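Engineer: The structure is given below, and queries will be raised subsequently.
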Amino acid sequence: FVALQVQRTMLKHGTRLSVLGASGVAVSIYAIHVKRQKMKLHDGYVALCDSETFSCSQVLTSEYSALLSHLNLVGKASILNVSNAHLGVLAYSLFPLYPVVRKMPYHAQFYTAVSSCMVVAMVYLAYILAFVLRDFCIVCVATYVITGALLWSSLNLWQALATRRARIYGTIYITCSYK
């Protein structure tokens with residue numbers, strides 16, 4: 001019974017990781033679309049996420065929208081100089097792969113490490129959004145929420161696996177000690 005309960009818990013966390021990852025991919029693809037349309041049509045394009053009081057398209061086309069080159073980690077002419085949204089598609093794409101990745105040892109730690117790195121980047125980008133650009137971007141905030149939920153789910157998955165291992169090895173220890 002305990003093994004079945006732990007299995008259900010892990011399935012729940014895996015499903016949550018997959019759905020959140022797919023949501024992150026969708027939001028990132030929309031951000032790429034907004035940036036491309038704004039760059040192509042300039043003032044002739046008004047994104048669904050724009051309003052009279054805030055403009056996600058201005059945020060998504062700002063100098064901070066390509067963090068790797070902004071931080072001088074890659075050159076402006078580098079093939080690696082991609083938008084944050086492209087990096088988001090790449091990072092979020094790892095999470096719907098959970099059914100495959102879960103067969104690897106330490107998959108919970110892998111997802112926790114990836115989502116932790118993503119949270120660090122998101123905190124920096126949230127700071128830029130609020131205090132440097134002084135704007136609001138609903139698309140950006142959606143990615144912050146998704147990324148926070150991914151970290152929470154990854155940590156819960158790790159805890160569920162640790163609980164399962166403790167129960168399995170604890171049972172083996174108890175069984176062996178009675179013989």
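Engineer: Out of the residues in the range 112-154 that are among the hydroxyl-bearing types (Ser, Thr, Tyr) and either within 17 Å of HIS70 (Cα to Cα) or without any contact (Cβ under 8 Å) to a residue 24 or more places away in the chain (or both), state the one that is surrounded by the most Cβ atoms within 10 Å (Cβ to Cβ).
Structural biologist: TYR144
Engineer: Only residues that are of a type in the set (Ser, Thr, Tyr) and assigned to a helix (DSSP H, G or I): list them for the range 38-54, please.
Structural biologist: Passing the criteria: none in range.
Engineer: Here's something else I'd like to know. Which residue out of VAL74, VAL141 is within 21 Å of the chain's Cα centre (by Cα), among the β-branched types (Val, Ile, Thr) and either at pLDDT 90 or above or within 29 Å of GLY14 (Cβ to Cβ) (or both)?
Structural biologist: Only one candidate qualifies: VAL141.
Engineer: Being touching a residue at least 24 places away in the same chain (Cβ under 8 Å) and among the hydrophobic types (A, V, I, L, M, F, W, C) is the filter here, so list the residues in the range 28-43 that pass it.
Structural biologist: Answer for the range 28-43, where residues must be touching a residue at least 24 places away in the same chain (Cβ under 8 Å) and among the hydrophobic types (A, V, I, L, M, F, W, C): ILE29, ALA31, ILE32, VAL34.
Engineer: Does TYR98 meet the test of being out of contact with any Cys (no Cβ under 7 Å at 6 or more places or on another chain) and under 21 Å from SER62 (Cβ atoms)?
Structural biologist: Against the criterion (out of contact with any Cys (no Cβ under 7 Å at 6 or more places or on another chain) and under 21 Å from SER62 (Cβ atoms)), TYR98 does not qualify.
Engineer: May I pose another question? Go through the residues of the range 88-100 one by one and say whether even a single one is in contact with a Pro (Cβ under 6 Å, 6 or more places away or on another chain) and over 24 Å from ILE128 (Cα atoms).
Structural biologist: There is no residue in the range 88-100 that is in contact with a Pro (Cβ under 6 Å, 6 or more places away or on another chain) and over 24 Å from ILE128 (Cα atoms).
Engineer: Looking at the structure I just gave you, is THR15 under 15 Å from the mean Cα position of the chain (by Cα), part of a helix (DSSP H, G or I) and either of a type in the set (S, T, N, Q) or at pLDDT 95 or above (or both)?
Structural biologist: Yes, satisfied.
The values are calculated or read from the model by the stated rules, or taken from the named source; none is laboratory data. The model shown is predicted, which means the values in this text are computed figures rather than measured ones. Virtual Cβ from ideal backbone geometry, glycine too; neighbours counted across all protein chains shown.
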